[in-house]
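Written below as structure tokens is the structure these notes are about.
The values are calculated or read from the model by the stated rules, or taken from the named source; none is laboratory data. Worth saying up front: this structure is predicted, and the values here are computed from it rather than measured. Virtual Cβ from ideal backbone geometry, glycine too; neighbours counted across all protein chains shown. SASA here: full protein model, heavy atoms, side chains in, ligands and nucleic acids out. Shrake-Rupley method; radii C 1.70, N 1.55, O 1.52, S 1.80 Å.
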Amino acid sequence: MKKHEPEIIRGSGNIYRDFNLPNADVRQLKAILAAAIIKTLDRRGLSVRNAQRLTGIDAGDFSRVRNADFRRISVERLMTMINRLGSRVEVRVKVRRTETTAKSVAA
């Protein structure tokens, strides 16, 4: 019996885009910002209540970030959380043409 070799597909770097989810870039950005917040909380040993006392931001928001529940939290709110924890956000934008765009430009 031959073993079936799984097909390996290189991801785009954005799992939300790879699964064709709506607002993939926003979801990816929220996940990156949340990871930075969680890393800061863990590094400083802060509970969500201590983070609330330190930043004035509701502990529920920190809890939602820890649970990766971004439905009711905006990118701006995540950036505010990072800033109040004493870090800064640096954004770099890399614009890539999609295959569809590249084909229509060449036509």
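Screening region 58-72 for residues that are open to solvent by less than 20 Å² (accessible area, probe 1.4 Å) and not small (Gly, Ala, Ser) and picking the one that is nearest to the chain's Cα centre (by Cα) gives Val65. On the given criteria, is Arg92 open to solvent by 60 Å² or more (accessible area, probe 1.4 Å) and closer than 25 Å to Asn14 by Cβ? Judged against the criteria, Arg92 is a match. So, Asn50, is that one loosely packed, with under 13 Cβ neighbours inside 10 Å and at pLDDT 95 or above or not? It is false that Asn50 is loosely packed, with under 13 Cβ neighbours inside 10 Å and at pLDDT 95 or above. Candidates in region 1-46 are the residues that are within 22 Å of Glu76 (Cα to Cα) and among the hydroxyl-bearing types (Ser, Thr, Tyr); of these, the one that is most open to solvent (accessible area, probe 1.4 Å) is Tyr16.
Only one entry in Arg96, Arg88 is in a loop (DSSP other than H, G, I, E, B) and within 19 Å of Ala24 (Cβ to Cβ), namely Arg96.
Being out of contact with any helix residue (DSSP H, G or I) (no Cβ under 7 Å at 6 or more places or on another chain) and touching a residue at least 12 places away in the same chain (Cβ under 8 Å) is the filter here, so list the residues in region 27-39 that pass it.
Hit for region 27-39 is Ala31, nothing else.
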